[in-house]
Amino acid sequence: IRRTTTVLPQKRRHAEAMVRTAINHVSNAAHQEFGRENQHLFNKARWISVLDSRTSPVCRARAGKIYPIDSGPRPPAHWQCRSTIVLLPIGTEFRSEPQYDEWLSEQPTGVIDDILGPSRGRLFRHGQLSTTRMVDRFGRALTLREFRARDAAAFKRAGLSGF
């Protein structure tokens, strides 16, 4: 009996997560197809990420990025992804800086460290290392050793020497 009470809620959460991810996929595919069919109106799409402490590394890095309407990554980027795309009208200039870094830089030190971890938080604050640089081109979070190999100067600026 105990096994049944723990398995059913897990299966329900799994099913809910699967449905949320599938709905996100269908919604974003519909946006993209609408944009393709209306290329006389739209030629770009902006990645919109939820800006909070649960935002994944790949969605942090893609937040606010602008991609051509017919190429580039599209949400969902991962299981239970909450990101979406917004179609951008032709002829309108939009800034393309990641919005997540702007939001994160306004948070207290403790929140930054809770989200990124203490070393990555210090690299973000003092090493001038953006969250975009914290993932590889596939959206995989880099290890601290990989960071150091890419940008030893950021570690020096942040006062991190043990990696």
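Key figures
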{"item": "Residue match in segment 105-118 (condition: at negative phi, in a helix (DSSP H, G or I), open to solvent by 50 Å² or more (accessible area, probe 1.4 Å) and of a type in the set (Gly, Ala, Ser))", "result": "yes"}
{"item": "Which numbered condition Ser71 misses (of (1) modelled with pLDDT of 90 or more; (2) among the polar types (S, T, N, Q); (3) assigned to a loop (DSSP other than H, G, I, E, B); (4) open to solvent by less than 60 Å² (accessible area, probe 1.4 Å))", "result": "(1)"}
{"item": "Some residue of segment 123-142 being at pLDDT 90 or above and in a loop (DSSP other than H, G, I, E, B)", "result": "no"}
{"item": "Filter result for the condition that a residue is over 27 Å from Leu144 (Cα atoms) and modelled with pLDDT under 90, over Arg36, Arg46", "result": "Arg36"}
{"item": "Candidate set from segment 67-114 (those that are under 12 Å from the mean Cα position of the chain (by Cα) and small (Gly, Ala, Ser)); member that is nearest to Gly35 (Cα to Cα)", "result": "Ser83"}
{"item": "Test for Phe42: is it open to solvent by less than 80 Å² (accessible area, probe 1.4 Å) and in contact (Cβ under 8 Å) with a residue 40 or more places away in the chain", "result": "yes"}
{"item": "Extreme residue, least open to solvent (accessible area, probe 1.4 Å), among residues of segment 20-38 that are free of Cβ contacts under 8 Å to residues at least 24 places away in the same chain and of a type in the set (D, E, K, R)", "result": "Glu33"}
{"item": "Where a residue in segment 124-152 is more than 19 Å from Ile112 (Cα to Cα) and surrounded by fewer than 18 Cβ atoms within 10 Å (Cβ to Cβ) and its partner, wherever it lies, is β-branched (Val, Ile, Thr) and modelled with pLDDT of 85 or more, with Cβ under 9 Å and at least six apart", "result": "Phe138/Val58; Gly139/Val58; Arg140/Val58"}
{"item": "Some residue of segment 87-102 being more than 26 Å from Leu129 (Cβ to Cβ), exposed (fewer than 15 other Cβ atoms within 10 Å of the Cβ) and modelled with pLDDT of 90 or more", "result": "yes"}
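The values are calculated or read from the model by the stated rules, or taken from the named source; none is laboratory data. None of these values were measured; they are calculated from a predicted model. Using ideal geometry, Cβ is built from the backbone for each residue, glycine included, and neighbour counts are taken over all protein chains shown. The area values use the complete protein model at the heavy-atom level, side chains included, leaving out ligands, DNA and RNA. Shrake-Rupley method; radii C 1.70, N 1.55, O 1.52, S 1.80 Å.
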